[in-house]
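What follows is a set of notes on a single structure, which appears directly below.
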Amino acid sequence: MAERTIVIIKPDGVKRGESVVRQIKQRYLEAGMRIIQEIDLQLDRHQIREFYKEHEGRSFFEDLVSAMTIGPCLVLVIEGEEAVEKVRAINGATDPAKAAPGTIRYDFRDAESGGPRNIVHGSNSSIAASREFLILVE
Ligand code: AMP
């Protein structure tokens, strides 16, 4: 069934430059999905606290808030069959050092990658994607 998911190319991904951003987008397109909306955003700390509410209190939470607000990010609304799971597989494991070669988080990691700095966000369900979209565009 076609569904929508949200990818955020995080500030540490955007910072890598246009070529990397283009290559990241290409991975989703090559898997047969469509990018139906792209939004350049500078997120604020309040938004990210809400966005990642479930992680509040975790040891990495403040670093996560900083990592998401340190510069501009690019939000992609992606649509396709099984888009949530496909995007998560393409993104790879949360920790870039543990992600498999061929995934975005592994292939585009750099010396600063690690912890919350893992280049991309992917929603973990289509319901989460709807909630996230509202927080991002509010
Ligand atoms: P998730 O809700 O699992 O998609 O995680 C959201 C974001 O929180 C991830 O993209 C990471 O940036 C960060 N994160 C999640 N778990 C950890 C962890 N154990 N250590 C550091 N950062 C994490």
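Read the figures in this text as sums done on the coordinates, not as results from a lab. Computed from a prediction, not measured in an experiment: that's the story for all the values here.
Here are some notes:
- Between the stretch 14-36 and the stretch 71-138, the alpha-carbon centres lie 11 Å apart.
- Hz values of 3J(HN,Hα) by residue in the stretch 93-99 - Karplus curve (6.51, -1.76, 1.60), Gly and Pro given as x: 4, 3, 8, x, 5, 9, 5
- For G115, no residue has an amide H sitting under 5 Å from its own, ignoring neighbours fewer than 5 places away on the same chain, with H placed 1.01 Å from N.
- Partners of K53 within straight-line reach, counting aspartates and glutamates whose Cα lies under 15 Å from its Cα and excluding those fewer than 8 residues away in the same chain: D44, E62, D63, E132.
- Distribution of pairwise C-alpha distances over the chain, 5 Å bins, in %: 2, 11, 21, 25, 23, 13, 4, 0
- By the rule of a C-alpha distance below 19 Å, with chain neighbours fewer than 8 residues away ignored, the lysines paired with K25 are K10, K15, K86.
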